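Below is one structure, written out as structure tokens; comments come after it.
The values are calculated or read from the model by the stated rules, or taken from the named source; none is laboratory data. Remember, predicted model here, so these are calculated numbers, not experimental data. Positions of Cβ are backbone-derived with ideal geometry, glycine not excepted, and every protein chain shown enters the neighbour counts. When the accessible area is computed, the model is the full protein with side chains, heavy atoms only, and any ligands, DNA or RNA have been set aside. Shrake-Rupley method; radii C 1.70, N 1.55, O 1.52, S 1.80 Å.
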Amino acid sequence: MSTAARWDIFCSVVDHFGDIAVSWRLARQLHAEHGLAVRLFVDDLATFRRLWPGLDETADAQRILGVEVLRWHAGTRFDSVADVVVDAFGSRTPDAYLERMAARTRPPVWLNLEYLSAEDWIEDCHRLASPHPRLPLTRYFFFPGFTARTGGVLEERGLASLRAAFLADAAARTAALENWEATAPDPDAIVVSLFGYGGPAVGAVLQAWAAGDQSVCVLAPEGRVSPDIARFFDLPRVSRGARLRRGSLEVQVLPFRSQDDYDRLLWASDCNFVRGEDSFVRAQWAENPFVWSIYLQDGAAHWPKLHAFLDRYGAGLEPQALWNVREFWRLWNRGEPSPEILGAAWQRFWNLREELQAHNAGWAANLRANRDLATNLVRFAIERL
């Protein structure tokens, strides 16, 4: 166990699953791989339970996989502070907790874990110090990212080996689909996992797939795309267990499962539509072609972030291949409603599947060379204790 033995992570759930998904992965990894005592303070246990069904959303305190999970609300009382304190994604450490931090002879290392970005400016802001305006405390900004001058991204030890073993075992793929309550797709079907924010592009791409010559099986965890699926099939609603067909398209609506199960869904699919931050990173570790639905921001601030990633990710692709990827991602994120336009862009994107598969393997290897986010956080904290 390191000298930074006790960690507290504060997570205020804003982006539905993204904030808690990353915070929970980080907490698990800090405990399991670095031997740290971790407390995770969460203000929305109901959302957390969707990612970890065994969680008791009525409990103020519980221990899961060695991590102490605590309900966080305005009246929470803090009897101690940790050696390292993490504000996840703009979560604000409570004033009462800050006062306890400041009272220590040696204040904790205080980290603000920022959102993931591929923009150049984060390299200059990564690890910068920000003194508290009133208390003798300093907060450090820690930016996840895709280069050696950032904090990296989360990856558990042995994840690549687990994926390789899964792909080599046909029975494991069958078991994973059964766990998701999915039936085996047609042998010649393109298997697509669909997780996103919804919008008109969903119906457009479903129509394009239904009218196409190639069978497509969509595996869609129930959520924000479910109303779009229902509209496409002229239904008032769809829920888990629904199996729907039109033309060359089959859609299966799946129940929500744990993060580990979601990894296997990504591995079992030929193409992964993902959203936000957590599923976005897991799709990159899956190494299959993927499409990112970025979180919309005021003032269209998300577009520079999307294109910054495409510029960095696509640096090793042929110019025409990168243009095809960029085109489909752009249409998907702007909510293109035309099945003809989106379908043609999809076909150009999908024609690259073998090139993208090889490219993604190299991309994952480069990410791995930068070390993972949890390890980089621990090293940074130890340097300052």
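List of remarks:
Here's the yes/no breakdown for (1) part of a loop (DSSP other than H, G, I, E, B); (2) touching a Gly at 6+ places or on another chain (Cβ under 8 Å); (3) in contact (Cβ under 8 Å) with a residue 60 or more places away in the chain; (4) surrounded by fewer than 18 Cβ atoms within 10 Å (Cβ to Cβ):
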{"residue": "Trp7", "(1), (2), (3), (4)": "no, no, yes, no"}
{"residue": "Leu26", "(1), (2), (3), (4)": "no, no, yes, no"}
{"residue": "Glu33", "(1), (2), (3), (4)": "no, no, yes, yes"}
{"residue": "Pro53", "(1), (2), (3), (4)": "yes, no, yes, yes"}
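- Residue selected from region 104-113 under the condition surrounded by 11 or more Cβ atoms within 10 Å (Cβ to Cβ) and at pLDDT below 95, by the criterion nearest to Arg139 (Cα to Cα): Pro107
- Of the strands (runs of 3 or more DSSP E) lying entirely inside region 192-286, the ones with 1 or more residues being closer than 25 Å to Trp52 by Cα and open to solvent by less than 20 Å² (accessible area, probe 1.4 Å) are found at 216-221, 249-254, 271-275.
- Taken across region 152-171, residues that are within 30 Å of Val253 (Cα to Cα), in contact (Cβ under 8 Å) with a residue 12 or more places away in the chain, open to solvent by 80 Å² or more (accessible area, probe 1.4 Å) and under 18 Å from the mean Cα position of the chain (by Cα) do not occur at all.
- Failed item in (1) closer than 28 Å to Leu30 by Cβ; (2) at pLDDT below 95; (3) basic (Lys, Arg), with Arg157 passing the rest: (2)
- Once region 127-149 is narrowed to residues that are touching a Pro at 6+ places or on another chain (Cβ under 9 Å), assigned to a loop (DSSP other than H, G, I, E, B) and open to solvent by less than 70 Å² (accessible area, probe 1.4 Å), the residue that is farthest from Lys305 (Cα to Cα) is Leu135.
- Among the residues of region 55-66, those identified as open to solvent by less than 70 Å² (accessible area, probe 1.4 Å), more than 22 Å from Pro221 (Cβ to Cβ) and part of a strand (DSSP E or B) are Ala61, Gln62.
- Among the residues of region 35-51, those identified as touching a strand residue (DSSP E or B) at 6+ places or on another chain (Cβ under 7 Å) and crowded, with 17+ Cβ neighbours inside 10 Å are Leu36, Val38, Arg39, Leu40, Phe41, Val42, Leu45, Phe48.
- Scan of region 329-374 for residues that are open to solvent by 80 Å² or more (accessible area, probe 1.4 Å), charged (D, E, K, R) and more than 22 Å from Leu154 (Cα to Cα), ordered by number: Arg330, Arg334, Glu340, Arg348, Arg353, Glu354
- Count of region 97-116 residues which are of a type outside the set (A, V, I, L, M) and closer than 13 Å to Leu373 by Cβ: 2
- Residue list for region 73-94, filter: more than 24 Å from the chain's Cα centre (by Cα) and farther than 13 Å from Asp43 by Cα: Arg77, Phe78, Asp79, Ser80, Val81, Ala82, Asp83
- A single entry from Val38, Val69, Val85 fulfils the requirement of being among the aliphatic types (A, V, I, L, M), touching a His at 6+ places or on another chain (Cβ under 7 Å) and in a strand (DSSP E or B): Val38.
- Applying the condition of being closer than 16 Å to Leu36 by Cβ and in contact (Cβ under 8 Å) with a residue 40 or more places away in the chain to region 70-86 and asking which residue is surrounded by the most Cβ atoms within 10 Å (Cβ to Cβ) yields Val86.
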